[in-house]
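In what follows, a structure is listed as structure tokens, so that the remarks can point back to it.
Taken together, the values in this text are just the output of simple stated rules run on the coordinates, not laboratory data. Everything quoted here is computed from the prediction, not taken from an experiment. Here the Cβ is made from the backbone with ideal geometry for all residues, glycine too, and neighbour counts use every protein chain on show.
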Amino acid sequence: MARVTESDCSTATRQYAERLYVAYTTNSGNRNYQGLPCPAWSDLPSDVRSHWCAVALYADSQEKR
């Protein structure tokens with residue numbers, strides 16, 4: 001898979017990425033792998049949101065298999 005940027009993602013994909021991020025933060029007690037609080041989606045740096053967009057694109061492609 002090629003590197004994904006936020007501009008590569010449609011609005012629907014960004015929304016799906018945000019839902020996946022919220023699922024992660026909910027399941028982790030709103031803590032990241034270092035035990036620090038997870039920021040709100042809107043406070044994530046663009047490059048981190050793009051990583052979640054890549055996850056959303058991959059998850060969507062697997063659902064269609």
Return a yes/no flag: does the stretch 13-22 have any residue that is among the small types (G, A, S), in contact with a Ser or Thr (Cβ under 8 Å, 6 or more places away or on another chain) and not in a loop (DSSP other than H, G, I, E, B). no
Mind counting the residues in the stretch 23-39 that are surrounded by 11 or more Cβ atoms within 10 Å (Cβ to Cβ), over 11 Å from the mean Cα position of the chain (by Cα) and under 26 Å from R3 (Cβ atoms)? 4
Quick one: count up the residues across the stretch 48-65 that are more than 10 Å from the chain's Cα centre (by Cα) and either within 19 Å of T5 (Cβ to Cβ) or surrounded by 12 or more Cβ atoms within 10 Å (Cβ to Cβ) (or both). 4
